[in-house]
Each structure stands twice: as C-alpha cells, then as structure tokens.
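Input: a single structure, listed below in structure tokens.
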Amino acid sequence: MSNSTFIYVTYIKTTPERLWSALTSKDFTRQYWLGAYCESDWKPGSPWKLAFDDGRIADAGEIVEADPPRRLVIKWRNEWSPELKAEGYSLCTFEIEAVPGADAEAVKLSVLHNIDRPQSAFIQAVSGGWPRILSNLKSLLETGTVVLPKKA
C-alpha cells in the first residue's frame, strides 16, 4: 500500500525552545490554530487532542515521540468527519532545527503528515489547513499577530 504525504517547510525568526513552546502550549496554540487548541502533557504514550472552546474534539491521538525542542511525533486521527475518521490514524512529525549562520536566531520547521493509504481525503484536507495554521504560527512568533483570523 502506498502512503499519502503532506510536507511543509518554513523558516521562522525564533529559537527552537520558543517554537517548541508555541507548538505545545494550550494557550499559545489557541491564538494561531483558527479557533482550536492542542492539549497534552507531551510525553510519549500520552493522549493528545485538538479541541474547540465549546468542547468539540476535532482530532485526537497519542504522543509517539517527544524530544524537546527538536522533534515531536503525534499519532493523529480526525474525530469530526465520519469519512476522514474512517481512514484511521496518521502520523504527524514536527522537526525543529536551528539555522546556523542566520543574522538573527532562526529555525527551520518541517512538518510531515502522512497516512498509510493512497489518495487520502484526510491528507488532502490537512494540505489545505497546515499552510494556514503554520502561516499564523510564523506570523505570531515574529510579529505578535496572526495573518488569518479564527474561523467563524
């Protein structure tokens, strides 16, 4: 069986520690995740969820690997769309690397989201969502504001 994969790479003017905190802080994710927030204790084997303030769960799973501030791997399943939920679990990997020789502190953030199925509707969906979320994250860390507001 072939995989469906989404890859996104961006460079952010910040430190690896600050980026790790931005990815794992419930209050900080709430600012850039288009009206949702991530919650976990960020230890391998621990539950993870992406939820809305009204209690609805968008996505859920488990922390597979956590190596602060370098690498985070989440076993991830959509919980609100029956079609996407039926595809099962995907893996989302965040790689954080300091950029040597940059004029200011900078990091390379690579996000790899894949699922073991061809032509995944879930990967197609996250391919539209990740650029919006990561643009907000980058802008928030660099300027203090997001580019795209919360979804209505």
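Couple of notes before you dig in:
- Matching residues in the stretch 39-65 - criterion: being within 21 Å of Leu148 (Cα to Cα) and not in a loop (DSSP other than H, G, I, E, B): Leu50, Ala51, Phe52, Ala58, Asp59
- Candidates Ala66, Ala60 - the one that is small (Gly, Ala, Ser), buried (at least 18 other Cβ atoms within 10 Å of the Cβ) and touching a Leu at 6+ places or on another chain (Cβ under 6 Å): Ala66
Residues checked against (1) under 15 Å from Val111 (Cβ atoms); (2) not in a helix (DSSP H, G or I):
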residue: Val9; (1), (2): yes, yes
residue: Trp20; (1), (2): yes, no
residue: Arg30; (1), (2): no, no
residue: Tyr37; (1), (2): no, yes
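- Pairs are defined by a Cβ separation below 7 Å, a sequence spacing of at least 6 or placement on different chains, a first member in the stretch 87-98 that is more than 16 Å from Leu23 (Cβ to Cβ) and assigned to a loop (DSSP other than H, G, I, E, B), and a second member that is at pLDDT 95 or above and hydroxyl-bearing (Ser, Thr, Tyr); the pairs so defined are Glu87/Ser120.
- Only one of Ser90, Ser120, Ser81 that is under 15 Å from the mean Cα position of the chain (by Cα) and of a type in the set (Ser, Thr, Tyr): Ser90
- Scanning the stretch 70-92 for residues that are buried (at least 19 other Cβ atoms within 10 Å of the Cβ) and closer than 26 Å to Ala106 by Cα yields Leu72, Ile74, Cys92.
- Scope the stretch 9-21; condition more than 20 Å from Val64 (Cβ to Cβ) and either surrounded by 18 or more Cβ atoms within 10 Å (Cβ to Cβ) or among the β-branched types (Val, Ile, Thr) (or both); matching residues: Val9, Thr10, Ile12, Thr14, Thr15
- Looking only at residues of the stretch 22-39 that are surrounded by fewer than 18 Cβ atoms within 10 Å (Cβ to Cβ) and of a type in the set (Gly, Ala, Ser), we find that the one that is modelled with the lowest pLDDT is Gly35.
- Of all residues in the stretch 99-152, exactly one satisfies the criterion of being in a helix (DSSP H, G or I), touching a strand residue (DSSP E or B) at 6+ places or on another chain (Cβ under 6 Å) and of a type in the set (D, E, K, R), namely Lys138.
- Residue in the stretch 98-121 that is more than 21 Å from Pro69 (Cβ to Cβ), buried (at least 20 other Cβ atoms within 10 Å of the Cβ), touching a helix residue (DSSP H, G or I) at 6+ places or on another chain (Cβ under 8 Å) and not aliphatic (A, V, I, L, M) present: no
The values are calculated or read from the model by the stated rules, or taken from the named source; none is laboratory data. Just so you know, these numbers come straight off a predicted model, no measurement behind them. Virtual Cβ from ideal backbone geometry, glycine too; neighbours counted across all protein chains shown.
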